[in-house]
Amino acid sequence: MILCCGEALIDMIPTPTRVGQDGFVPHSGGAVFNTAIALGRLGVSTGMLTGLSTDMFGTQLEQALGASHVDTSLTIKSDRHTTLAFVKLTDGHATYSFFDENSAGRMLAPSDLPTLPDGVTTLYFGGISLACEPGADTYAHLAERDAANRFVMLDPNIRPSFIADVERYKHRLSRMLAVSDIVKVSDEDLDWIQPGPGDLASKAGQLLETGPSVVIVTKGSKGAVAFAANGVDASAPSQRVTVVDTVGAGDTFNAGVLAKLSEMGLLNKAAIREISADQLQAALTLGARIAAFTVSRAGANPPWMDELQA
């Protein structure tokens, strides 16, 4: 099972009303939630570890996970409220206002973490859950606790406005990079992590030196590239589609990559160190294909396997 560890929240999406002003409709979301949903719809054995509220929105999130075949047995329940993200869309691009203080997801502590069953072979971390304390420290603790025996993929999805203490964040991120097998970053993330001069390949190489076997860099409409510690690299173009909005594009890209690596038997530490250029390209290509489906329709609505096959 791939266990997606991180935020599940409610996106409050602006929607026209009969009186002319926009209202807000609650949609299930969150970067890590989106990846879990996409994996479940692709038929990959998937679970989610997150803090879920017992309120009405927490129930909505749990039902949405179940409807996409995501195992919720490792979610951690509390009566704290669900995180709400009010969304503003401008030309298809989303900006957010978050209401997250003392939420069920944010307030996770290491003592809340369950012992993971043997069936969990892969851990995926990402999103704002890596920036918002104290939960961010809990996810870092989980990564370090279990990385010796499980494959780890990390997508920091850096949002500087969420980082209250840059030095603490960088220290936590460096700990997680050191135990990750794959790191996916956007080109903007990479420049934030490795500021200053240097091209994309050299900066990705510096990131590889911190521990990962593979670094993937997404470049928006320019596609994605990947670099492996064994010296191979690969690239895949983005697919041309009419973009409705970009909500969840990177999250579902990650699901495509993980799904393809799982299919090829590469979600283990020994295999990923020997990955070939063709295997890297296959993973990037499926990630781009899944992301193209998602951006072609409103919201983070990844495709089901039968849609891909069609």
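Quick one: among Glu274, Glu133, Glu167, which has the greatest mean-square fluctuation in a GNM of the chain with alpha-carbon springs under 10 angstrom?
Result: Glu167 has the largest fluctuation of those listed.
Quick one: Debye curve from the C-alpha atoms of region 159-310, no solvent, what's log10 I(q)/I(0) at q = 0.14, 0.17, 0.22 Å⁻¹?
For the requested q values the scattering log ratios are -0.71, -1.02, -1.43.
Averaged over all directions, how much area does the convex hull of the C-alpha atoms of region 1-127 cover when projected, in nm²?
Details: hull surface 34.8 nm².
Projected over every direction and averaged, the Cα hull of region 1-127 covers 8.7 nm².
Please list 3J(HN,Hα) in residue order for region 188-204, calculated via the Karplus relation 6.51 cos²θ - 1.76 cosθ + 1.60 where θ = phi - 60°; whole Hz, with x for glycine and proline.
For region 188-204, the Karplus-derived couplings read 5, 4, 4, 5, 6, 6, 10, x, x, x, x, 7, 4, 5, 5, 5, 5 Hz, x marking Gly and Pro.
For n ≥ 4 DSSP H runs only, could you compute -39500 (n - 2.57) per run for the chain, divide by its residues and tell me the 222 nm figure to the nearest 500?
Values: 10 runs with 108 residues, N = 310.
Roughly -10500 deg cm²/dmol at 222 nm, from the helical runs in the chain.
Please list, in order along region 106-117, the HN-Hα scalar couplings obtained from phi with the Karplus expression 6.51 cos²θ - 1.76 cosθ + 1.60 (θ = phi - 60°), rounded to whole Hz, x for Gly and Pro.
For region 106-117, the Karplus curve yields 6, 8, 4, 10, x, 5, 7, 5, x, 6, 7, x Hz.
Equivalent-ellipsoid semi-axes (√(5λ), Cα gyration tensor) for region 220-310, whole Å, largest first? List each step's numbers first, then the result.
On the way: eigenvalues 121, 39, 20 Å².
Equivalent ellipsoid semi-axes, largest first: 25, 14, 10 Å.
Could you list Ile76, Ile182 so that the one with the fewest beta carbons within 10 Å of its beta carbon is first and the one with the most is last? Don't skip to the answer; put the middle values down first.
Values: Ile76 17, Ile182 27.
Least crowded to most crowded, the residues run Ile76, Ile182.
Give me the extension gain from Met264 to Glu133: residue separation times 0.36 nm, minus the current Cα-Cα distance, reported in nm with one decimal.
Numbers: separation 131, 0.36 × 131 = 47.16 nm, distance 3.58 nm.
Gain on extension, Met264 to Glu133, equals 43.6 nm.
Going toward the positive end of the dipole of the chain, with +1 on Lys and Arg Cβ and -1 on Asp and Glu Cβ, which of Ala36, Phe99, Leu116 do you reach last?
Comparing the listed Cα positions along the dipole, Ala36 ranks first.
Each label point is 7 Å from the Cα along the Cα-to-Cβ direction; what then is the distance between the points at Ala298 and Val19, in nm?
2.0 nm
Sort Ser129, Ser97, Ser238 by Cβ crowding within 10 Å, fewest neighbours at the top.
Lowest count first: Ser97, Ser238, Ser129.
Which FRET efficiency value, to the nearest 0.05, is calculated for Arg175 and Asp118 with the Förster distance at 22 angstrom and r the Cβ-Cβ distance?
Working: r = 25 Å, r/R0 = 1.13.
Efficiency, from the Cβ-Cβ distance: 0.35.
For q = 0.09, 0.13, 0.18, 0.19 Å⁻¹, what log10 I(q)/I(0) does region 93-235 give under the Debye formula with an equal point scatterer on each alpha carbon and no solvent?
-0.29, -0.60, -1.10, -1.20
At 7 Å along the Cα-to-beta-carbon direction for both Asp191 and Arg240, put a label point, then send me their distance in nm to one decimal.
That separation, rounded to one decimal, is 2.7 nm.
Which Cα, out of Phe151, Gln194, Ser238, lies furthest along the positive dipole direction of region 139-278 (beta carbon charges, K/R +1, D/E -1)?
Phe151
Under the rule of at least 5 residues apart or a separate chain, name every residue whose amide H is placed under 5 Å from the amide H of Met12.
Close amide H contacts, sequence-distant or interchain: His27, Ala85, Phe86, Val87.
With a 10 Å radius around each residue's Cβ, average the other Cβ atoms per peptide and rank 183-190, 202-209, highest first. Display every interim value, and only then the final one.
Working: 183-190: 21.2, 202-209: 16.5.
For the peptides 183-190, 202-209, the packing ranking is 183-190, 202-209.
Most mobile of Arg273, Arg240, Arg18 per a Gaussian network model of the chain (Cα springs, under 10 Å)?
Result for the chain, Cα springs under 10 Å: Arg18 fluctuates most.
Mind checking the full-extension length gain between Leu200 and Ala164? Use 0.36 nm per residue of separation minus the Cα-Cα distance, one decimal, nm.
Details: separation 36, 0.36 × 36 = 12.96 nm, distance 2.71 nm.
Gain in length upon complete extension: 10.3 nm.
Just to check I understand the Karplus step: with θ = phi - 60° and J = 6.51 cos²θ - 1.76 cosθ + 1.60, what whole-Hz values come out for region 210-227, glycine and proline as x?
Values, residue by residue: 7, x, x, 8, 9, 10, 10, 10, 8, 10, x, 5, 8, x, 9, 10, 9, 10 Hz.
Compute a Gaussian network model of the chain, connecting alpha carbons closer than 10 Å, and tell me which residue from Gly127, Gly287, Gly265 fluctuates the most.
Gly265
Largest first and in whole Å, give the semi-axes of the chain's equivalent ellipsoid, each being the square root of 5 times a Cα gyration tensor eigenvalue.
Numbers: eigenvalues 149, 103, 78 Å².
For the chain, the semi-axes come out at 27, 23, 20 Å.
Since every read-out is calculated from the coordinates, none of them should be taken as a lab result. Values in this document were obtained by computation on a predicted structure and should not be read as measured data. A quick note on method: Cβ atoms are made from the backbone with ideal geometry, for glycine too, and the neighbour counts reach across all protein chains shown.
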